Amino acid sequence: MSNNDEMSGSREEEDSARGPYKFTPEKVKAICDRIRKGSFLRHACERERVTERGLYHAMARDPEVAADVHEAQAESEENLLARMEVNTFDWKREAWLLERKRRDLFKPPKAEAEVKQELTGKDGAPLIPRVQRSPAEIAAELARLQTIAAETAADLDEIRQRKGE
């Protein structure tokens, strides 16, 4: 809104039959400041004692008002995205806000959609699970396997002796 004096005068003339124009440049700036700080459009309007519907009418009548509001909304979204990048451990609040502010851009995936995910190793080879064990568990398992191997070797020797080999 580069030329505030001209805009105020033309708005008052345009709306003389309906009463004074509520969306002065100062009012629009206050609404946009609230939006930039993270307020929803409806809440910013309520705090400035105007209706959301009235703001939409003002945006339709005045392209500069529309541009200012859209710019404030874009800055608010950029701020939320930047906070998500910085705060990677607690990004869910910002994501929730983005989903509600701009569902057209940030809507969550549909809950009904079934997601099938398959994992493979290098070049499509199957994954080999690795189990983490303590050294004591590994030593106990090794001793158990050695006992089984010794018993199997003894059984094999006994079978060979019976056959006369």
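Coordinate-derived values only; no laboratory data. Keep in mind it's a predicted model, so treat the numbers as computed, not measured. Don't worry about glycine lacking a Cβ; one is built from the backbone with ideal geometry, like all the others, and counts go over all protein chains shown.
Ordered by the number of other Cβ atoms lying within 10 Å of each residue's own Cβ, fewest first, LYS163, LYS101 fall into the sequence LYS163, LYS101. The lysines whose alpha-carbon is closer than 28 Å to the alpha-carbon of LYS29, local same-chain residues fewer than 8 away aside, are LYS37, LYS101.
Put simply, when 91-100, 149-158 are sorted by average Cβ atoms within 10 angstrom per residue, most first, you get 91-100, 149-158. Beyond 22 Å, what share of the Cα-Cα pairs of region 25-165 remains, rounded to the nearest whole percent? Considering region 25-165, 67 percent of its Cα-Cα pairs are separated by more than 22 Å. At a Cα cut-off below 24 Å, give the lysines reachable from LYS116, other chains included and same-chain residues fewer than 8 away excluded. Once the sequence-local lysines are set aside, what remains near LYS116 is LYS92, LYS107.
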